[in-house]
Every structure is written in structure tokens, then in C-alpha cells.
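The values are calculated or read from the model by the stated rules, or taken from the named source; none is laboratory data. Being a predicted model, the structure only gives us computed values, none of them experimental. Cβ placement follows ideal geometry from the backbone for every residue including glycine, while neighbour counts extend to all protein chains displayed.
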Amino acid sequence: MSSRLSFLKWIFALFILAALGIAVFQKQVTRFIITKAIDQRMQENTMASLPDGLHIAMCGTGSPFPDKLRAESCTLIIAGQEMYLIDVGDNSSRNIALMRFATANINAVLITHYHSDHIDGIGQLMTQRWASSGSSESLPIYGPKGLEEITSGVMKSYALDRVYRHNHHGEETIHDNGFGLKPMAFNLADGQDILELIKTPDLSISAIRVDHQPVDPSVGYLIRYKDRSVLVSGDTKPSTVVAKYAKDVDVLVHEGLSPELMQMLKLGALKAGRDKLGKIFSDVIDYHSAPEDVAKVAQDAHAKYLLFTHIAPPLAAPGSEKIFLGKSKEIYSGPIKVAVDGDFISLPSGSQQVKVSNAF
Ligand SMILES: [Zn+2]
Ligand SMILES: [Zn+2]
């Protein structure tokens, strides 16, 4: 009995010593973990770890609605070792960094149209890229007519910040010439539905006309890299132009809005006496695409994978994705995914593979 008692005393003493040790060394252990994590982040090169091919990083899959899973529009295209960003909604820079890509390495930005949820994050992206890249050239940004109005306005609103940061860090650290945006506006002539903007031996990026009336011009982008392809619809009604150029693409990244869920929101707003809000919920239905209509476009085009983005309204309730999709899975025979932020689609060149993961 006494030996059992002394054994328990020893266990208790060891327990107290371990607890004291943890308390004393906790900060050292935490510092060690932080240092290791910093070393790993500083040395990692996500681009170098990717196979050669075309990759789609979904850095914003929502709409102007507040949504915990989905920031405003942002689609990062990685073609070989180049990065092109399609639309820059609020939180784009944050999500790109959370997906372990560097805004400093973005080759160019491509804007689909000038609704706020597609441009809200331009200033933040522009500043982060300037301060972190060490580049002495402004960031090229492509967009349809109206682009200069946006870029000059954004640059003007960050003019003071430009001075603060340049004075603080010095010309040898961040180059004043590297500040800002270099607008590359383009124009689709009447009757013209496609315009190639970037062309290298392995890469082609074209703007295609879409239908987001009364927002005009409004475009989507078709990207081909070696033997792989992606079409990003931008905001549009179901479009014959999208169907035409999505022919046989590896991935169709298409916007989707549920008329049924929007109708429920409208009724809720009217019930609460918020008539103007109810009208807005009703108005937006006519210049977006119902998922079942998108499924038809994808099926007609023989697109190999359908990725819904610009999800509206938020799919907060369990099972609401099923209501959002409706009969889409009966209409389109390929795989369908309703994107969330962090989704990463990898299309290695020289293969038919579509690898889907989430980088968050
Ligand atoms: Zn829009
Ligand atoms: Zn939008």
C-alpha cells in the first residue's frame, strides 16, 4: 500500500514538473514554431511547385452579397510561369496571398467590366504589388472602354500613400516609377465578338463580348496555354458568344445566380416593407445567368468541366446548393462544381487531367 502511495506521489510530482516546464518553455516553443513557419513562407515558391500547364486559382467566387465563403470577383490564371488576374474584387489580394501566390508576380490584370464587385480591390492590389515587387514599371491592366477613368481615379486616390511609402522606404527599396497602373484599353468593334490581347508561342488570351446589358461593354476571357484552355464568362446572361468560344474548353468558369433564391429574398424584403431593396433583388435577375441555363451552354459547347463562380445569393442554408443548381446535373453531363474561395483547378499540359483541390 505504501509503495503504491509513493508511486502516485512520484507521478504527481512529474506532472507538476511537466506543467511548470511547459509554462517556462512555452514562449520558446512558440518562437521556434513561428521562426520555422516564417522560414518556410519566405522560401516557398508555389509557382515552381506546379506542373507545367494552365491553373485556375479562385481568389473570389462571390458577388456584392456578404458571404463568409466567397469574396468578390477574382480569378487568378497561371499559364506556365506567368500569372494573369481576371477581375479584382474586394479581398482579392488577401485571398491570393492566402493561396500562397505573390501579387508581386502578376504579369497583368484583365477586367471584365466596371461594376464595383469587379474593381473594388484594384487599389489594394496595385499598392501591394508596387511595394513588394521592386518593379520599376506600372502594372499593366487590360479592360474595355472606360478603363482610363478607373485607373486614373484609383491612382489619384492613392497618390498620398505613394508619397508616404516612397519617402519612408526610399527609392532604392521601392521605385517610384513602379507605382500605379498602365491602362491597356481595348475596343470590340460593332459585330466583333472576340479580340486577342496577349499572344506568345504558348499562350493566347482573348476578350470575348458577353451580354450584361445595360453594362456595355462587358467581356469574358478565353485563355489557351499549350493544349489546355479555360473560358471565364465574366458577368453575363446566357450567351451564344460564350457557347461559341467555350467549345471543347477544359474548364468553363461561369457566373451563376439563382432566380428562385433571389425571388425568396425579394419576397422577404417586400414583407419587411423594404420595397426598393426588393426591386433591386428582382432587377439583377435579368442580367445574370440561371445555373440551369449555364448547364445548357456548357452542354452545347461540350465544355469538359463546369465551375460556377460569382455565386449569388450566398448559399448559407444547408442544402441551398441543390436549390441553386436545380436540374443542372441532368442538363450537363460533365462534372460541376460550385466554387468557394481557395478552389484550385490544375490542368497539366500534355494530359487530360483536371485536378481539383482547395488551397485554403
Ligand atoms: Zn456585373
Ligand atoms: Zn458582378
Conditions (1) touching a strand residue (DSSP E or B) at 6+ places or on another chain (Cβ under 9 Å); (2) within 16 Å of ligand 1 (Cβ to nearest atom); (3) not in a strand (DSSP E or B); number of the one not met by Ile280: (1)
Leu125 more than 16 Å from ligand 2 (Cβ to nearest atom), at pLDDT 95 or above and not assigned by TED's automatic domain parsing to the domain that holds Leu347: yes
Scope segment 129-145; condition over 13 Å from His175 (Cα atoms) and either of a type outside the set (A, V, I, L, M) or not in a strand (DSSP E or B) (or both); matching residues: Pro140, Tyr142, Gly143, Pro144, Lys145
Residue check, Ala71 small (Gly, Ala, Ser) and more than 16 Å from ligand 2 (Cβ to nearest atom): no
Elements of type strands (runs of 3 or more DSSP E) in segment 175-266, at least 1 residues being under 22 Å from Glu72 (Cα atoms): 181-185, 203-209, 219-225, 228-232, 251-257
Of the criteria (1) within 18 Å of the chain's Cα centre (by Cα); (2) over 22 Å from Leu54 (Cβ atoms), which one Thr240 fails: (1)
Index of the failed condition, His168 passing every other in (1) crowded, with 19+ Cβ neighbours inside 10 Å; (2) away from ligand 1 (no atom under 16 Å from the Cβ): (1)
Residue satisfying condition, being away from ligand 2 (no atom under 16 Å from the Cβ), of a type outside the set (Asp, Glu) and assigned by TED's automatic domain parsing to the domain that holds Asp250, within set Ile323, Ile311: Ile323
Residue check, Arg31 basic (Lys, Arg), on the phi < 0 side of the Ramachandran plot and touching a residue at least 24 places away in the same chain (Cβ under 8 Å): no
Which listed residue is without any contact (Cβ under 8 Å) to a residue 40 or more places away in the chain, over 14 Å from Ile194 (Cβ atoms) and away from ligand 1 (no atom under 16 Å from the Cβ), from Leu261, Leu270, Leu222: Leu270
Residue match in segment 106-123 (condition: under 17 Å from Met58 (Cα atoms) and of a type in the set (Phe, Trp, Tyr)): no
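Condition check ((1) within 12 Å of ligand 2 (Cβ to nearest atom); (2) among the hydrophobic types (A, V, I, L, M, F, W, C); (3) over 26 Å from Asp39 (Cα atoms)) across all residues:
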position	(1), (2), (3)
Phe65	yes, yes, yes
Ser92	no, no, no
Leu98	no, yes, no
Ala108	no, yes, yes
Tyr114	yes, no, yes
Asp120	yes, no, yes
Yes/no for Tyr142 being within 30 Å of Thr309 (Cα to Cα), away from ligand 2 (no atom under 16 Å from the Cβ) and in contact (Cβ under 8 Å) with a residue 60 or more places away in the chain: yes
Pairs with Cβ under 9 Å, 6+ apart, first in segment 187-205 and over 23 Å from Met83 (Cα atoms), second buried (at least 16 other Cβ atoms within 10 Å of the Cβ) and among the small types (Gly, Ala, Ser): Leu188/Ala207
